[in-house]
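First up is the structure itself, then whatever we jot down about it.
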Amino acid sequence: MLLNDIAGLRAVFVGGKGGVGKTSIASSLALARAREGARVLVVSTDPAHNLGHLWEAPVGDDPVELWRATGGAGGQEATGRVDGIEIDPAGTVDAHLRAVRGTMERLLPDRLHRAAREHLESAREAPGTHESAVLERVAETLETGLDRYDLVVFDTAPSGHTLHLLAMPERMTGWTEKLLANRDRSERYSAAYGALGGTKDTSDRDAELRRVLLKRRARFSLMRDALVDPARVGFVLVTVAEPMPIAESREVAAQLEHLGVGLVGVVANRLSPADALPARREREEAELDGLDLGAPVTRIPQVDALIGLPALTELADALTASR
Ligand SMILES: Nc1ncnc2c1ncn2[C@@H]1O[C@H](COP(=O)(O)OP(=O)(O)OP(=O)(O)O)[C@@H](O)[C@H]1O
Ligand SMILES: [Mg+2]
């Protein structure tokens, strides 16, 4: 059923409470779509990555191939493939600060460089730096992913963190708008200053800062627009049939609605197999009654061991069979 729920979407965020099976479902969903011929990118935004562990392949900040279809119908080359990325938070913060520093050094007079560097070093530890750097990478990955892949699957960190991330583009665009408005004002001053014989240097700097801010604004608004576009992006909530994760799922669903992000499917993962004690299965079904969140529920059984391609194939089969 999940494959139908996400049909036509270009990006899917897979979220849920810690340990419920987000990475496993994101990966097997990617595999199931790739087997149908889609080019899929799986992106882990969770600092405690285990995408590489699950696929038994080294995964880093640049896309690596995790799976590729062999052969194709009628002698045509098969197109289906899964690539993976793990967004590296520390590396992302480094690259982000390096880029900001480069920009600042170009824009500020030499005498202010030292103060700017010190300021940036203190920013490295500041709350929010890490998040905004990760958000920038998520937005960037979404942008390039939409260009180069049929589907981008985000394997996200446990709920709270992810919702925060999804709410950020809105705030970041607001903030960038304000900066741009300030630039507009100061550009008018510098135009006046130029007319009075000021240097060209100032207006070059202004133009560059404006260019940087505009690019950032474009990237965040692309992400914000995509997130609330039900034709392109959806959220898949993974849970297990236990009271706490289900209660949390209800909260996440309410917050997604508030953010305007569409909940397209719910996965009830790790359900007891058919030969389990009936009492246990009944208890699970009673818990699942609470999953009336306005999106279809896909039931996925507990499998033996979940590591490597055979296990992912088993889950992808379960997703395909539930269609
Ligand atoms: N259907 C399943 N059958 C058997 N084991 C499963 C199933 N789904 C997930 N698991 C196992 O449960 C554990 C947690 O799964 P996974 O890492 O996918 O969850 P997660 O939500 O991504 O966790 P985290 O919040 O830590 O990122 C793993 O050991 C995984 O192998
Ligand atoms: Mg995970």
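The values are calculated or read from the model by the stated rules, or taken from the named source; none is laboratory data. As the structure is a computational prediction, the values presented were derived from the model and not from experiment. Cβ: placed from backbone, ideal geometry, glycine included. Neighbour counts: every protein chain shown. Note: areas computed on protein heavy atoms with side chains; ligands, DNA, RNA excluded. Shrake-Rupley method; radii C 1.70, N 1.55, O 1.52, S 1.80 Å.
Each row is one residue, and each column tells you yes or no for (1) open to solvent by 70 Å² or more (accessible area, probe 1.4 Å); (2) modelled with pLDDT of 80 or more; (3) over 18 Å from the mean Cα position of the chain (by Cα); (4) not charged (D, E, K, R).
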site	(1), (2), (3), (4)
140	no, yes, no, no
148	yes, yes, no, no
173	no, no, no, yes
203	no, no, yes, yes
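The condition of being open to solvent by 10 Å² or more (accessible area, probe 1.4 Å), within 10 Å of ligand 2 (Cβ to nearest atom), of a type outside the set (A, V, I, L, M, F, W, C) and touching a residue at least 24 places away in the same chain (Cβ under 8 Å) holds for only one of 8, 37, 18, that being 18.
If you filter region 302-318 down to residues that are open to solvent by 80 Å² or more (accessible area, probe 1.4 Å) and part of a helix (DSSP H, G or I), you find that the one that is farthest from ligand 1 (Cβ to nearest atom) is 310.
Limited to region 48-61, what total is found for residues that are in contact with a Leu (Cβ under 9 Å, 6 or more places away or on another chain) and open to solvent by 70 Å² or more (accessible area, probe 1.4 Å)? Final tally of qualifying residues: 1. Could you tell me whether residue 116 is within 16 Å of ligand 1 (Cβ to nearest atom) and of a type in the set (Gly, Ala, Ser)? Judged against the criteria, residue 116 is not a match. In region 231-247, the residues that are more than 17 Å from residue 270 (Cα to Cα) and of a type in the set (Lys, Arg) reach residues that are open to solvent by less than 20 Å² (accessible area, probe 1.4 Å) and not in a strand (DSSP E or B) with C-beta atoms within less than 9 angstrom, at least six apart or across chains, in these pairs: 232/9; 232/226. If the condition is being within 22 Å of the chain's Cα centre (by Cα) and buried (at least 16 other Cβ atoms within 10 Å of the Cβ), then region 101-130 contributes 129, 130. Filtering region 62-85 for residues that are closer than 21 Å to residue 141 by Cα, crowded, with 16+ Cβ neighbours inside 10 Å, within 14 Å of ligand 1 (Cβ to nearest atom) and within 17 Å of the chain's Cα centre (by Cα) leaves a non-empty set.
Out of region 21-33, which residues are under 16 Å from residue 149 (Cβ atoms) and either open to solvent by less than 10 Å² (accessible area, probe 1.4 Å) or near ligand 1 (Cβ under 9 Å from one of its atoms) (or both)? Full working, then the answer.
Step one: of region 21-33, the residues under 16 Å from residue 149 (Cβ atoms) are 26-27, 29-33.
Passing the criteria: 26, 27, 29, 30, 31, 32.
Checking each residue in region 128-147 for being without any contact (Cβ under 8 Å) to a residue 12 or more places away in the chain and in a helix (DSSP H, G or I) picks out 144, 147.
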